[in-house]
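The structure appears right after this line, and notes come after that.
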Amino acid sequence: MTAIAPYRSPVTPGRDGFAQLLRAEWTKFRTVRGWVVGILVAVLLTVGIGLTGSSGCGFNSNGTGACPAAPTGPGGAAVTDRFYFVHQPLTGDGTVTARVTSLTGVYSPSGYTGAPQTGPGALKGYRSGVQPWAKAGIMIKASTGQGTAYAALLVTGANGVRMQDDYTGDIAGLPGPVSAAAPRWLRLVRSGNSVSGYDSLNGTRWSLVGTVTLSGLPRTAQAGPFTASPSSMVLTQSLGTVATTGAAPTIATAAFDHVALSGAGGAWTGTSVGGGAARPGGGNANVNGPGNAAEPFNGGFRPSGTAGFTVRGSGDIAPNVPEAADGSGTSPTQVLDIGTFLGLIAMVVVGASFITAEYRRGLIRTTLTAAPHRTRVLAAKALVIAAVTFAAGLAATGVTLLLDVARAGSAIPPLTALTEVRMIVGTAALLAVASVLALALGVLARRGIAAVSAAIVVIVLPFLLAYIPGSLSTGAQDWLLRIFPAAGFAVSQAFPAYHQVVAPYQPNMGYFPLAPWVGFLVLCAWAAVAFAAAAYRLGRRDA
Amino acid sequence: MTRARSADLPDVLHAEWTKLRTVASTYWLLLAAAALTIAVGAGAAAAFGCAAGACGAARTGADPARISLTGVYLGQAVVAVLAAAGIGGEYGTGMIRVTLTAAPRRLTVLAAKAAVLTGCVLASGLVAVGGSVLAGWLILPGRGLSAANGYAPLSLANGPDLRAAAGTVIYLALIALLALGITTAIRDSSTAIGVVLGLLYLFPIISEVVSGHALARRLEQIAPMTAGLDIEATVGLRSLPLAPWEGLGVLAAWAAGALVLGGLSLRLRDA
């Protein structure tokens with residue numbers, strides 16, 4: 001009797017590492033025509049929307065077709081720089097002091113209604129009222145050109161004393177409004193490149209508001225009192241949309257006295273920096289003489305008493321916020337986001353189907369027989385789908401954003417290279433993480449339809465609900481974009497929001513309540529939790 | 001010996017009703033549609049806020065009916081899932097071949113599916129809308145939308161409120177028919193639900209982004225969800241992109257178009 005040797009396959013056993021798993025999953029992906037086509041369609045849809053919906057002045061609610069480029073500030077970012085400046089040269093170190101005794105203003109409650117911008121009728125329909133961020137104070141500025149370095153100490157309409165510098169810096173000083181009974185003393189002290197601001201209620205007891213360092217401040221700078229008043233903005237709600245229909249320039253008038261400039265003996269010069277406020281009809285008014293009634297938005301000044309002035313000004317000194325009434329251009333976030341939404345839905349479908357098709361066809365049993373370590377299978381699937389959607393997303397978002405920026409030209413304020421990279425890579429990563437979330441939901445639900453609808457509902461619906469006015473309070477809308485995966489869209493925000501500029505900071509305008517990477521992390525947290533739950537369920541349930 | 005007879009509409013209706021009612025997920029989805037609609041509507045009503053003294057009807061422009069019915073944004077997704085799962089599941093499991101062997105008149109099958117689905121969604125929609133209106137009636141006066149501030153209390157005896165409520169029930173049924181038609185044409189339920197939810201949710205996002213543009217209003221007029229939900233409006237009718245019933249008509253046209261597309265695909269393609 002001979003013992004029968006058991007059969008041994010002559011084929012050398014295959015390696016069974018993670019690389020083989022990845023290769024298997026990649027083969028599964030690339031050989032299903034529907035998925036490859038789905039990803040390509042996602043890319044084409046994203047880019048196609050980007051091509052049709054170009055950013056530009058045409059999207060601006062107060063757009064006029066003309067698209068003047070905003071001046072750029074010391075940091076290279078676009079700024080708004082229009083105000084009335086009464087100045088003298090200040091050479092070297094020195095001090096400028098003034099007392100503000102009143103700040104009043106006029107505005108148009110109905111927004112710009114087609115009233116003439118010049119002549120006696122220019123202020124037709126205006127009422128008295130000062131804008132919350134109307135500014136009157138003293139300033140040391142490199143020159144009277146737009147976008148030059150400055151430091152200013154100022155009183156505002158409703159935000160107390162502020163020390164502001166180089167368009168974005170903003171430090172709070174004494175609170176409360178200014179009046180003849182409660183005047184504010186302001187003092188700026190230049191020492192080399194640093195400027196310190198002090199405020200006081202009585203001119204004897206001074207307190208330091210802040211010290212800022214200005215680069216690019218020449219030895220001879222311009223110093224003196226100034227007034228600015230940002231354009232009002234009327235937010236109108238129509239069903240389903242918030243539109244900024246009415247924007248109109250406003251005027252603020254401030255009374256200064258005890259104006260003193262160290263080493264000064266010359267005459268004060270009035271300059272309408274930037275030629276007055278932007279006019280809704282397009283273009284800026286010409287510079288005219290002090291207090292010219294024919295060009296009310298240019299501002300002007302009039303001496304009053306000894307060392308006193310009444311300064312009237314219009315405009316703003318602030319970062320350029322495209323959606324603000326004084327801002328220019330549009331945010332490319334909007335075009336990028338709608339393209340991304342189209343791509344997102346296709347990628348979510350593919351991501352969920354990548355696993356649910358295995359359940360439907362029974363292939364999952366073959367997969368798990370070949371690779372019994374289930375978590376590794378899931379990890380390989382997630383890596384493959386994330387890599388595919390990231391690469392496709394990168395192509396889509398890159399082409400969309402770069403084409404949009406190139407086509408819009410000056411309609412989009414300059415974006416730093418870092419911001420562009422963050423928007424492109426971050427949005428591609430958003431698509432990848434969303435597809436992993438869909439994959440994990442697919443494992444949990446095992447049915448494509450449940451996974452796809454759940455993924456779309458948690459990613460897209462909060463974004464939609466976040467700007468339906470009248471449905472939810474603004475606070476509730478912000479929370480939707482803080483806690484749901486839709487928060488990830490924050491990564492596509494092009495420009496920061498500034499509290500000192502009034503504008504509709506809404507998701508449909510390209511502004512999100514969370515910082516870009518924080519919002520992205522919220523999405524990642526959802527995907528991580530879903531992935532962990534999926535790994536647990538995959539290991540515990542029979543396939 | 002019984003004579004063979006071809007399946008007529010009543011038989012097919014009966015068959016489809018049996019299929020729908022013997023699947024556990026049908027009940028869960030119908031229940032979820034109603035529960036989520038009411039929950040989100042109540043949440044939206046509770047989250048509504050207006051600054052003290054600025055709650056007047058003329059100031060906020062708030063529409064109590066629309067706020068109460070906010071949940072429809074979510075509820076319609078569940079209804080679409082129910083509709084897509086019904087026909088998509090048959091393609092996924094191969095059941096469609098049994099169905100079409102038993103009832104070879106394919107359009108009759110689609111009509112029966114549409115009828116059974118509409119009935120179920122109307123029932124669920126009645127509960128969803130009734131509960132939402134009740135929640136709004138209970139919650140909103142406490143959130144500033146009271147009679148003292150110039151808002152009429154939500155009441156189905158009011159013409160506009162009744163139109164909003166009844167119209168929203170019809171809206172949900174039309175969404176189900178839209179999803180049924182699209183899924184019949186696409187056959188894969190995952191892809192179909194992606195297309196349906198994309199159609200519903202992406203139009204308003206696109207029209208938001210081009211707001212202020214003439215294109216935005218056009219988009220709001222042709223988008224199935226934005227146009228269809230015009231039926232919920234009880235205030236500010238003049239600024240609506242379309243009159244309420246016209247808007248619902250646009251959605252009905254979308255649903256009809258989808259059903260025609262689905263019917264053609266069912267008729268002309270091998271199952």
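The values are calculated or read from the model by the stated rules, or taken from the named source; none is laboratory data. Quick caveat: nothing in here was measured; it's all calculated off a predicted structure. For neighbour counting, all protein chains shown are included, and Cβ atoms are generated from backbone atoms with ideal geometry for every residue, glycine included. Ligands, DNA and RNA are stripped out before the accessible areas are found, and what is left, the full protein with its side chains, is counted by its heavy atoms. Shrake-Rupley method; radii C 1.70, N 1.55, O 1.52, S 1.80 Å.
Taking trypsin sites (Lys or Arg not before Pro) as exposed when DSSP calls them loop (any state but H, G, I, E, B) and at most 12 other Cβ atoms lie within 10 Å, what is the longest stretch of chain B free of them, the sites themselves excluded? Write down the numbers at each step before the final one.
Numbers: sites that count: B:Arg3, B:Arg5, B:Arg269.
Counting at most 12 other Cβ atoms within 10 Å as exposed, the longest clean stretch of chain B is B:6-268.
For the protein assembly as shown, report the accessible area per residue in Å² (1.4 Å probe, heavy atoms, rounded to an integer). Don't skip to the end; give the middle numbers.
On the way: 32490 Å² over 814 residues.
Counting only protein heavy atoms, the per-residue value for the protein assembly as shown is 40 Å².
Based on C-alpha coordinates, I'd like the Rg and Dmax of chain A, in Å.
Radius of gyration, then largest Cα-Cα span, for chain A: 30.1, 130 Å.
Expressed as an acute angle from 0 to 90° and rounded to the nearest 10, what is the orientation of the C-alpha long axis of helix B:189-209 relative to the principal long axis of chain B?
That helix lies at roughly 30 degrees to the long axis.
Quick one: check the C-alpha center-to-center distance for the range A:68-93 versus the range B:81-160, whole angstrom.
Computed from Cα coordinates, the inter-centre distance equals 60 Å.
Once phi is turned into ³J(HN,Hα) by the Karplus curve 6.51 cos²θ - 1.76 cosθ + 1.60 with θ = phi - 60°, what whole-Hz value does each residue of the range B:157-170 show in order, with x for glycine and proline?
Karplus values, whole Hz, x for Gly and Pro: 7, 6, x, x, 5, 5, 4, 4, 5, 5, x, 5, 4, 5.
Give the share of C-alpha pairs in each 10 angstrom bin for chain B, from 0 to the last occupied bin, in whole percents, shortest bins first.
Histogram of Cα-Cα distances, whole percents per bin: 7, 28, 31, 20, 9, 3, 1, 0, 0.
Among A:Pro177, B:Thr101, A:Ser353, whose Cα lies farthest out toward the positive end of the dipole of the protein assembly as shown, if unit charges sit on the beta carbon of Lys, Arg (+1) and Asp, Glu (-1)?
Most positive-ward Cα: B:Thr101.
Report, in debye and to the nearest 20, how large the dipole of the range B:184-251 comes out about its Cα centre when Lys and Arg carry +1 and Asp and Glu carry -1 on their Cβ.
On the way: 4 positive and 6 negative charges, 26 e Å.
Roughly 120 debye for the range B:184-251.
Nearest 20 debye, what's the magnitude of the dipole of the protein assembly as shown about its Cα centre given +1 on Lys and Arg Cβ and -1 on Asp and Glu Cβ? Walk me through the intermediate numbers first.
On the way: 53 positive and 32 negative charges, 397 e Å.
In total the dipole reaches around 1900 debye.
Can you give the net charge of the other residues whose Cβ lies under 15 Å from the Cβ of A:Val32, counting K and R as +1 and D and E as -1?
Its environment carries a net charge of +3.
Can you list which of the DSSP-assigned H helices in chain A have a Cα extent of 30 Å or more along the long axis and an average Kyte-Doolittle score of at least 0.0?
Sorted by number, the helices that extend far enough and score high enough are A:333-361, A:374-408, A:417-445, A:516-540.
Could you please state, rounded to a whole Å, how far the C-alpha centre of the range B:223-271 is from the C-alpha centre of the range A:377-441?
That distance is 33 Å.
Hey, any idea what Rg/Rh is for the range B:47-186, computing Rh the Kirkwood way over Cα pairs?
Radius of gyration relative to Kirkwood radius: 1.16.
Rg (Å, one decimal) plus Dmax (Å, integer) for the alpha carbons of the range B:139-271?
17.6, 63
Counting partner chain Cβ atoms within 10 Å of every residue's Cβ in A:337-350, what's the average?
4
Run the reach check for B:Lys113 against aspartates and glutamates, Cα to Cα strictly under 20 Å, same-chain hits fewer than 8 apart removed. What comes back?
Excluding near neighbours in sequence, the set is B:Asp8, B:Asp11, B:Glu16, B:Glu90, B:Asp188, B:Asp270.
May I ask you to evaluate 6.51 cos²θ - 1.76 cosθ + 1.60, the Karplus curve with θ = phi - 60°, for each residue of the range A:190-202 and list the ³J(HN,Hα) values in order in whole Hz, giving x for glycine and proline?
Going residue by residue, I get 9, 9, x, 8, 9, 10, 10, x, 10, 10, 7, 8, 10 Hz, with x marking Gly and Pro.
Measure off, as a whole percent, the carbon and sulfur share of the 1.4 Å-probe accessible area of the range A:85-198, all protein chains present. Before the final figure, lay out the partial values.
On the way: 2110 of 3990 Å².
Carbon plus sulfur share of accessible area: 53 percent.
Return the Rg/Rh ratio of the range A:339-492 with Cα-based radii and a Kirkwood Rh.
Computed over Cα atoms, the ratio is 1.06.
Would you please name the trypsin sites (Lys or Arg not before Pro) within the range A:96-188 that are DSSP coil residues with at most 12 other C-beta atoms within 10 Å of their C-beta?
For trypsin sites (Lys or Arg not before Pro) across the range A:96-188 that sit outside H, G, I, E and B with at most 12 neighbouring Cβ atoms in 10 Å, the list reads A:Lys124.
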